[in-house]
1. Is it the case that some residue within segment 220-235 is closer than 20 Å to GLY110 by Cβ, of a type outside the set (Gly, Ala, Ser) and surrounded by 15 or more Cβ atoms within 10 Å (Cβ to Cβ)?
2. Can you give me the number of residues within segment 17-38 that are β-branched (Val, Ile, Thr) and either buried (at least 17 other Cβ atoms within 10 Å of the Cβ) or modelled with pLDDT of 70 or more (or both)?
3. Give the residue, chosen from VAL197, VAL220, VAL206, that is in contact (Cβ under 8 Å) with a residue 60 or more places away in the chain and touching a helix residue (DSSP H, G or I) at 6+ places or on another chain (Cβ under 8 Å).
4. When you go through GLY176, GLY251 one by one, which is the residue that is part of a loop (DSSP other than H, G, I, E, B) and at pLDDT 95 or above?
5. Only one of these is open to solvent by less than 40 Å² (accessible area, probe 1.4 Å) and in contact with a helix residue (DSSP H, G or I) (Cβ under 9 Å, 6 or more places away or on another chain): ILE83, ILE65, ILE96. Name it.
6. What single numbered condition from (1) surrounded by fewer than 18 Cβ atoms within 10 Å (Cβ to Cβ); (2) farther than 24 Å from TYR126 by Cα; (3) more than 16 Å from the ligand (Cβ to nearest atom) fails to hold for PHE262?
7. Check segment 208-221 and report whether any residue there is under 15 Å from ASP68 (Cα atoms) and outside any loop (DSSP other than H, G, I, E, B).
8. All but one of (1) free of Cβ contacts under 8 Å to residues at least 60 places away in the same chain; (2) open to solvent by 20 Å² or more (accessible area, probe 1.4 Å); (3) over 17 Å from the mean Cα position of the chain (by Cα) hold for CYS238; which doesn't?
Amino acid sequence: MAIHSFSVGKIRCVVVPDGGSIMPLADLAGIFPPDPDVQAGILALPDTQGFSMNCLLIESDGQLILLDTGLGTLNPAHSPALIANLREAGAAPEAIDIVVITHGHGDHMGGGVDDAGNLSFPNARYMMTRLDWDHWTGPAVNPAAERCLSPLREFITLIEPDDLIAPGVRALPALGHTPGHIGVVIESQGEKLMDVVDAMHHPLQVAHPTWSPRFDTDPVKSAETRRALLEQAAAESCRLMTYHFAFPGLGTVRAKGDSFTFDAVS
Ligand SMILES: [Zn+2]
């Protein structure tokens, strides 16, 4: 695993993963709609799809923005790689100005705090949508959300799903995976990247946008979101990034009938 640098116009971007593994297809088998033929077809595929945690470092107008923080030490079996990869990209944790937590799942917010509850990025403004903050700190609270979000209470900036984060960097509503799940759109000098984060977890869902995994909070809404984002990426011929596709998670999308194809950039 390494880092992957690229640019969107004058905005520098670096994919700084927090490690990776293989996506167990069984994890997708609880997919919606619960069609037995679909389930059988998924489980018959070779179980070799890379599964990454593609955090993204964005440098805009002198500010360093980190999109998601990986799993960190939330799961003791995981070896965190984000901080080392950030340093390789030239960004010490103290230098990060903004941390955007796209949603309240452990593999996105786990690296935001350490085991003692100290902020991993001590000088950063942390941002999350109000929708997701309210969801994960409300009745749905679980140990992971408690550990990761409680220390942020006095530091969090609650945003709307389409708010401007920094010049050329805007939140991208991608609701359905969780109530307030967002990606980002980066635009500069006529170039554009859509990072749709967890609007899709596996390239199978590019070919089959209606397929939602069991970990989508609202599988119907997430399917609508997925199709709309793919349609937009294909129509605008812009680069697409996802959090969990094989590192670096970047590619382009083309429409193919009622479906789409994904050409990965290595
Ligand atoms: Zn995820």
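1. no
2. First pass over segment 17-38, keeping only residues β-branched (Val, Ile, Thr): 22, 31, 38.
Next, only the ones that are either buried (at least 17 other Cβ atoms within 10 Å of the Cβ) or modelled with pLDDT of 70 or more (or both) stay: 31, 38.
Within segment 17-38, residues that are β-branched (Val, Ile, Thr) and either buried (at least 17 other Cβ atoms within 10 Å of the Cβ) or modelled with pLDDT of 70 or more (or both) number 2.
3. Numbers: VAL220 fails: touching a helix residue (DSSP H, G or I) at 6+ places or on another chain (Cβ under 8 Å); VAL206 fails: in contact (Cβ under 8 Å) with a residue 60 or more places away in the chain.
Checking each option against the conditions leaves just VAL197.
4. Numbers: GLY251 fails: part of a loop (DSSP other than H, G, I, E, B).
Residue meeting the stated conditions: GLY176.
5. Working: ILE83 fails: open to solvent by less than 40 Å² (accessible area, probe 1.4 Å); ILE65 fails: in contact with a helix residue (DSSP H, G or I) (Cβ under 9 Å, 6 or more places away or on another chain).
Unique residue meeting the criteria: ILE96.
6. (1)
7. The first filter runs over segment 208-221 and keeps only residues under 15 Å from ASP68 (Cα atoms), leaving none.
There is no residue in segment 208-221 that is under 15 Å from ASP68 (Cα atoms) and outside any loop (DSSP other than H, G, I, E, B).
8. Condition not satisfied by CYS238: (2).
The values are calculated or read from the model by the stated rules, or taken from the named source; none is laboratory data. Since the model is a prediction, treat every value here as computed from it, not as a measurement. Every residue, glycine among them, receives a Cβ derived from its backbone with ideal geometry; neighbour counts consider all protein chains shown. Heads up: the accessible areas ignore ligands, DNA and RNA and are worked out on the full protein's heavy atoms, side chains in. Shrake-Rupley method; radii C 1.70, N 1.55, O 1.52, S 1.80 Å.
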